[in-house]
1. Above 15 angstrom, tally the Cα pairs of the stretch 99-159 and express them as a % of all pairs, no decimals.
2. Over the C-alpha atoms of the chain, what are the Rg and the largest Cα-to-Cα span, Dmax, in Å?
3. Can you tell which of L149, C108, W129 lies farthest toward the positive end of the dipole of the stretch 99-159, using +1 and -1 charges on the Cβ of basic and acidic side chains (Lys, Arg; Asp, Glu)?
4. So what are the ³J(HN,Hα) numbers for the stretch 68-74, from phi and the Karplus equation (6.51, -1.76, 1.60; θ = phi - 60°), rounded to whole Hz, Gly and Pro as x?
5. With the radius of gyration and the Kirkwood radius both derived from the Cα set of the stretch 1-95, what is their ratio Rg to Rh?
Amino acid sequence: MQSSHLQAAILRLDQFLELKGYRRTQERYTILEEIYSHTEHYHFDAYQLREILMASGFHISMATIYNTLDLFVEAGLIKKHQFGTNASFNYERALGSGQHDHVVCLDCHHIKEFCDPRVSNIENSVGEWFMTRVLQHSLVFYGHCTDELCSHKLEKNFN
């Protein structure tokens, strides 16, 4: 059974491909299903996505992954982030994720999400101040995890 977010994503992809005159390929829909099939919200890079697809028996080139991710960003299906000085991009699904911001650990690189209504108030104030309709924002905090038992920190030290 498909989640409502996956159903909405498939509908948006169908409409986007038709509008742009692009083909409906199995690769695009398989990648979309992988991104939207998880119940938890997560961040991934192109290599991680390819590893997951390859592990499930779907062989796909990195060029196809990158091209499809760019297409999904343009279609509004995923968001693209570059956290800190990391050269690689991270992605997350756009539909059903709600407004949120990020905290990135500089030690283990784990990305945590948070939602604070005060950020929306600031966004509205900035929009009024500059007479601009703010469409989106990006707020990322960087720091060192203070939890000595951080599972992400422990995983990194064991690898």
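None of the figures in this text is laboratory data; all of them are computed from the coordinates on show. Every value quoted in this text rests on a predicted model; they were computed, and no experiment measured them. Note: ideal-geometry Cβ built from the backbone for every residue, glycine included; neighbour counts use all protein chains shown.
1. Across the stretch 99-159, Cα pairs with separations above 15 Å total 59 percent.
2. Looking at the chain, its Cα Rg and Dmax stand at 17.6, 53 Å.
3. W129
4. So the Karplus estimates, Gly and Pro as x, are 5, 4, 4, 5, 5, 5, 4 Hz.
5. 0.94
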